[in-house]
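Worksheet for the structure shown next.
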Amino acid sequence: MIQRLSVVAVAIFSFIGLRASRCDAWNSTSHEVIALIAFDQMSPQTKSAIFAVLRNHPRLNEDLLHDQDRFKDADLAMLARAATWPDMLRYPAHPMNRTEHHGRWHYVDYPFDLDGVQGPAPEGHWDGHGDPANLLQAMDKALTELRDAGTPADRKAIDLCWVEHLVGDIHQPLHAVSMFSKEFPQGDQGGNLVFIRNDANQVVALHTYWDCIEGLSLEPEDIRKIADRIERDHPAAGLKDQVSDASVADWAQESFALAKTVTYMEGALPHVTKAEAQTAPESVPALPAGYAQRALATADARVALAGYRLAAVLDRVAKGLARPAP
């Protein structure tokens, strides 16, 4: 599911420096598409409750409403921007970077073991006190605080941004995996250390390729077109059983399975390491025939589920909201 280097930097898919960050996920385009799909499904009552929470955000005007005219509906603009807000925190210049940026919250690493190399299993449930170690624990923390009548209003708004964002992130296959092998004995950081050549002949990290697969535009009409296409091709009515599954751990396992079979091709995806891409960019292999089509089809299905499930999560949040403490 993310504003990582900046919209322009991501758009360039810059080979220079081969930048890759472990907390990358869907780019801002995909996160906003997911928010738009959720918006389309939410009841007026849920919208009213959710928007009321977001309006207590400590940087409402600066971060969530600074471009509210992008969409005809200011509340929709706020919901869309809230879904990308945790990625804004990546930048040290952001005023809340030191207190609210949590890189480990964006993913959970289930090990994809190859060559007899075994990676560690992710940490278990959040203990209710310490800093979450992964996405599953972070979701537990955010949802717990949203249900707690003692949680301050501004904290609930921050938690809601994280819920939006993490529902998107966990549907990106590479946010539920790290590949361990002789080539990557410490793991490949969710595809951030695996490099391929995309259909535009650009050398990119596999993770970046998947992040940006739905496009790079933040124009409202483009976001709307992508959301409409995905909703048309993957209507909510046909996904009721999957949407009703409220287990974030199950969603992570779905992504893990897709990462192995589609993203990594069971370990057969042609690639090079980051070091090889830096020293010999001409050696970076192109994606296999048909990979781009399968990847986009998979991403479309995951974005659809993320949007529909986000709407269901926000409905439960709205119904369970308690009066915040002063």
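Of the residues making up segment 200-209, not one is surrounded by 16 or more Cβ atoms within 10 Å (Cβ to Cβ), polar (S, T, N, Q) and not in a helix (DSSP H, G or I).
So is Asp63 over 16 Å from Pro220 (Cβ atoms) and at pLDDT 95 or above or not?
yes
Is one or more of the residues making up segment 99-116 more than 24 Å from Arg155 (Cβ to Cβ) and among the β-branched types (Val, Ile, Thr)? No, segment 99-116 has no match at all.
For segment 116-126, the count of residues that are part of a helix (DSSP H, G or I) and either surrounded by fewer than 17 Cβ atoms within 10 Å (Cβ to Cβ) or out of contact with any Cys (no Cβ under 7 Å at 6 or more places or on another chain) (or both) is zero.
Looking across segment 131-184, the residues that are touching a Ser or Thr at 6+ places or on another chain (Cβ under 8 Å) and part of a helix (DSSP H, G or I) come down to Glu145, Asp159, His165, Gly168, Pro173, Leu174, His175. Determine whether segment 276-287 contains at least one residue that is at pLDDT 95 or above and among the acidic types (Asp, Glu). Yes: one or more hits.
Residues that are of a type in the set (D, E, K, R), in contact with a Gly (Cβ under 9 Å, 6 or more places away or on another chain) and part of a loop (DSSP other than H, G, I, E, B): does segment 87-101 have at least one? Yes, the conditions are met somewhere in segment 87-101.
Filtering Arg323, Arg316 for residues that are of a type in the set (D, E, K, R), surrounded by fewer than 19 Cβ atoms within 10 Å (Cβ to Cβ) and at pLDDT below 95 leaves a single hit, Arg323. When residues in segment 210-248 are screened for being more than 13 Å from His31 (Cα to Cα), among the small types (Gly, Ala, Ser) and surrounded by 14 or more Cβ atoms within 10 Å (Cβ to Cβ), 1 of them pass.
Just wondering, is there one or more residues in segment 267-277 that are buried (at least 19 other Cβ atoms within 10 Å of the Cβ) and of a type in the set (Ser, Thr, Tyr)? No, that holds for no residue.
Checking each residue in segment 210-223 for being of a type outside the set (Asp, Glu) and in a loop (DSSP other than H, G, I, E, B) picks out Cys212, Ile213, Gly215, Leu216, Ser217, Leu218.
Against the numbered list (1) loosely packed, with under 13 Cβ neighbours inside 10 Å; (2) on the phi > 0 side of the Ramachandran plot; (3) not acidic (Asp, Glu), Ala289 comes up short only at (2).
If you take the residues of segment 224-276 that are of a type in the set (Ser, Thr, Tyr) and part of a helix (DSSP H, G or I), which of them is farthest from His165 (Cα to Cα)? Step by step, filter segment 224-276, then rank; the result is Thr261. Within segment 84-99, does at least one residue satisfy the condition of being hydrophobic (A, V, I, L, M, F, W, C), exposed (fewer than 14 other Cβ atoms within 10 Å of the Cβ) and at pLDDT 95 or above? Yes, some residue in segment 84-99 is hydrophobic (A, V, I, L, M, F, W, C), exposed (fewer than 14 other Cβ atoms within 10 Å of the Cβ) and at pLDDT 95 or above. Only one of the numbered conditions (1) in contact with a Pro (Cβ under 8 Å, 6 or more places away or on another chain); (2) at pLDDT 95 or above; (3) of a type in the set (Gly, Ala, Ser) is violated by Gly190, and that is (1).
Annotation note: Cβ proximity below 8 Å between a residue of segment 267-278 that is more than 16 Å from Asp199 (Cα to Cα) and a residue that is at pLDDT below 95 and in a helix (DSSP H, G or I) (sequence gap 6+ or interchain) occurs for Lys274/Leu18; Ala277/Leu18; Gln278/Leu18.
The values are calculated or read from the model by the stated rules, or taken from the named source; none is laboratory data. Please read all numbers here as calculations on a predicted model, not as lab measurements. Cβ coordinates were reconstructed from backbone atoms using ideal geometry, including for glycine residues, and neighbour counts include every protein chain displayed.
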